[in-house]
Amino acid sequence: MPNEHRFQNRADRRVRHAGSVHAGHGDAGRTRMEELLSLIDQIITACTTNDKPLTEILRQCLVLASELKSPTLHTLAEKELSGYSASDTKEISNYRLISVSAAGDFESDGQQFASAIPPASLEPTDRWFATKIKLFDSIGYLEALQTEGKSCPWSDELVHKYESLIDGAVLLRAQQFITKSEIVAVIHKLRTQLLQTLLSIKNEMKLPEGVLVEGAKTPAVTEIIERVVNYNFYGPAYLTQGDLTQIGQQVIAGDWESLQAALGKVGIPEDQRNELHDTMEKEKTLGDGAKGWISRNAGKVLDVGVDVGAKVLAELLKGYLGG
């Protein structure tokens, strides 16, 4: 991924120059921008060496996120520092998806022995447990494991399912093994992605003293930062508020065909579109039925995550309802 990333349509934006990212003026604004660029330079320098732990770098990113009013950068740094939960699966970047091997402890005729568990010996839907794993741990915990590696036990249900995996033996327990090199790779990938992101942010902020979208309350710099962070960590499929508005504009008020076409483009299957049609025919508004439909289908939108998916669907329905 290139260090410098230009986003389309920036030249088309109607902007006015301001003294800082918070619309300051004069020397004070220039000083503020210089301070922010200096902080970014400090973090970039820290990312280019292995002297500073990632935990310290991420804390600096929290400060930067607060200064730049970037909720996405703040959430990313916070999650990396504290660890992810099971509900964060779609928000975990691909560098945390790593290769693993699996092995089990078996018993036969009163004797116990260990044996590798080949992925091909498992059902296709279960081969994940012998090939890949998503790491939910905090980056501080992973840094401490760089010299040890890690193992993750199978659930009791999975062990029971494959207790007869080897003829004449009983599977007692099984686990996935994560090597030290895989953990080191995760840490290096995060450090590199942070570096790429910060280089892009610095490059985007090299506009004269910051910019503001004409007539908007929120500085355009914040929108730029959000776009850069999401592109580098979650891929180009991420949709910003500007993208949501553009999608909504594809829908003609009261025209079901335009709404159905837009829903199809963002990944909603036909049966769910038909269900929505029946709901909208009854409600004629963004009522409880429509909101429930959005909640059930938000996760189907372009693999962008439930929160963003809900915003996309709400924007489309608003367009159909006339705003």
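Order of 280-289, 58-67 by packing, highest average Cβ count within 10 Å first?
The most tightly packed comes first, giving 58-67, 280-289.
Residue by residue, what Karplus-based ³J(HN,Hα) values in Hz, rounded to whole numbers, does the range 259-270 have, using 6.51, -1.76 and 1.60 with θ = phi - 60° and x for Gly and Pro?
These are the phi-based 3J(HN,Hα) values: 5, 4, 5, 5, 5, x, 5, 8, x, 7, x, 4 Hz.
Kindly write out, for the range 60-75 in residue order, the coupling ³J(HN,Hα) from the Karplus curve 6.51 cos²θ - 1.76 cosθ + 1.60 (θ = phi - 60°), rounded to whole Hz, with x marking Gly and Pro.
Per-residue couplings from phi come out as 5, 5, 4, 5, 4, 4, 5, 5, 8, 6, 10, x, 5, 5, 5, 5 Hz.
Considering only the other residues whose Cβ falls under 12 Å of the Cβ of residue 154, what net charge follows from Lys and Arg at +1 and Asp and Glu at -1?
-3
For the peptides 113-121, 312-320, what is the packing order when you average, over each peptide's residues, the other Cβ atoms within 10 Å and list the highest mean first?
Details: 113-121: 13.1, 312-320: 22.1.
Order by mean packing, descending: 312-320, 113-121.
Over 26 Å between C-alpha atoms is what I'm after, so list which of 265/291; 202/318; 150/189; 79/311 land there.
Details: 265/291 20 Å; 202/318 36 Å; 150/189 18 Å; 79/311 22 Å.
Violating the 26 Å limit, Cα to Cα: 202/318.
So who's got an amide H within less than 5 Å of the one on residue 173, skipping anything under 5 residues away but keeping other chains? H placed 1.01 Å off N, in plane.
105
Rg and Dmax of the range 94-184, Cα atoms, in Å?
Here Rg and the maximum Cα pair distance are 14.2, 44 Å.
Under a straight-distance cross-link criterion of Cα-Cα below 12 Å, which aspartates and glutamates are reachable from residue 52, leaving out those fewer than 8 residues away in the same chain?
Correct list for residue 52: 143.
Just the number, please: Stokes-Einstein D of the range 27-156 in µm²/s, Kirkwood Rh from C-alpha pairs, 20 °C, 1.002 mPa s.
Numbers: Rh = 18.1 Å.
D, rounded to a whole number, is 118 µm²/s.
List, in order, the whole-Hz ³J(HN,Hα) value for each residue of the range 110-122 obtained from phi through the Karplus relation with A = 6.51, B = -1.76, C = 1.60 and θ = phi - 60°; use x for Gly and Pro.
Here the 3J(HN,Hα) series is x, 10, 9, 8, 9, 8, 5, 10, x, x, 5, 7, 9 Hz.
Using the Cβ atoms and a cut-off under 11 Å, what net charge is assigned to the surroundings of residue 168, where Lys and Arg are +1 and Asp and Glu are -1?
Net local charge, residue 168 excluded: -3.
Going toward the positive end of the dipole of the range 27-180, with +1 on Lys and Arg Cβ and -1 on Asp and Glu Cβ, which of 42, 94, 164 do you reach last?
Going by the charge dipole, the pick is 42.
Read-outs throughout are calculated quantities, based only on the coordinates presented, and are distinct from any laboratory measurement. These numbers come from a predicted model, not from an experiment. Neighbour counts are summed over all protein chains in view; Cβ atoms, including those assigned to glycine, are modelled from backbone coordinates with ideal geometry.
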